[in-house]
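Single-structure report; data block below.
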Amino acid sequence: MRQANLVREEYCVLLHGFTGDPTELAPLTEALRELEYHVSVPHLAGHDGTYSGLSGVSADQWIDSAEKPVIEALERGPVHLIGFSMGALIAAILASKQPIASLTMLSPALNYASPELLLRQAKVFLKGHFQSSSEESEYLRKRPSGFLVTPPSSVVQFGSVVRRAKQVLYKVTVPVCIIQGDMDEVIHPKSSQYVYNSVQSPHREIHQLPRSRHHVCLDVESDTVISKVTAFLSHCC
């Protein structure tokens, strides 16, 4: 376990997902701060919860808004990059060119459109809305609903992030931890295996969560996510 008050300070930059916000990562953020990591969770460009905010914002702007706090943290000490969903892909893009200490990818958003996923989404929403005491209901209550205000132009830019990430995964050589829920209703679980097979990191680990949906930090196995991530980080510096 990481000991508090280390002489060597370590930094964590956490990146939220497409149409989301830092609350998607809140339980993990809090746990890292309790372990005395220096934590930054920037808002990606345009992600203010409104249609007009996202409209016209490019993939380059999303990446730039994530890279700035990474560069600032690198001036002070080792940096662990942690990304969720699209944020995981942006984190991989940055890891391919910045000297970070480690990369953690939560629910990496690579394979995101299929009839199977649409069916999963329908089941989550139906059960969540009609069974108030269900896991799905609690899950929907916690997760952001930014996808309801998504401009078509932003979907195109999201696709650009996916393509760029796939092109540079082979350049990632730092330690990598990948976590995804087997019940992910947004991204196909095979995305994690694709990342695992593509990166060139000597140390790479993959963890599948049998009961979790897309927002793994907000779902029923969030404690497992926190324990896996913190154990991984403790061995990276």
- prompt: Which aspartates and glutamates have a Cα less than 12 Å from the Cα of residue 190, not counting those fewer than 8 places away in the same chain?
  reply: 182
Cα centroid separation, segment 207-237 to segment 172-202 (Å): 13
statement: Here segment 38-49 yields Karplus 3J(HN,Hα) values (6.51, -1.76, 1.60; θ = phi - 60°; whole Hz; Gly and Pro given as x) of 7, 10, 10, 10, x, 6, 5, 3, x, 8, 10, x
field: Table column - 3J(HN,Hα) (Hz), segment 52-59, Karplus curve with 6.51, -1.76, 1.60, x for Gly and Pro
entry: 5, x, 7, 4, x, 7, 9, 4
query: For segment 181-237, what is the convex hull volume of the alpha-carbon atoms per residue, in Å³?
result: 78
- request: Could you work out how far apart the two model spin labels at residue 150 and residue 231 are, taking each label as a point 7 Å from the Cα in the direction of the beta carbon, and quote it in nm?
  value: 3.3
message: I need the Kirkwood Rh of segment 1-99: take the reciprocal of the average 1/r across all distinct C-alpha pairs and report it in angstrom.
response: 13.9
- line: Here the averaged projected area of segment 149-219, based on the convex hull of its alpha-carbon atoms and given in nm², is 5.5
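Readers should treat all values here as calculations from the given coordinates under stated rules, not as data from a laboratory. Because the structure is a prediction, the values reported are computed rather than measured. Note that we place each Cβ from the backbone using ideal geometry, even for glycine, and neighbour counts take in every protein chain shown.
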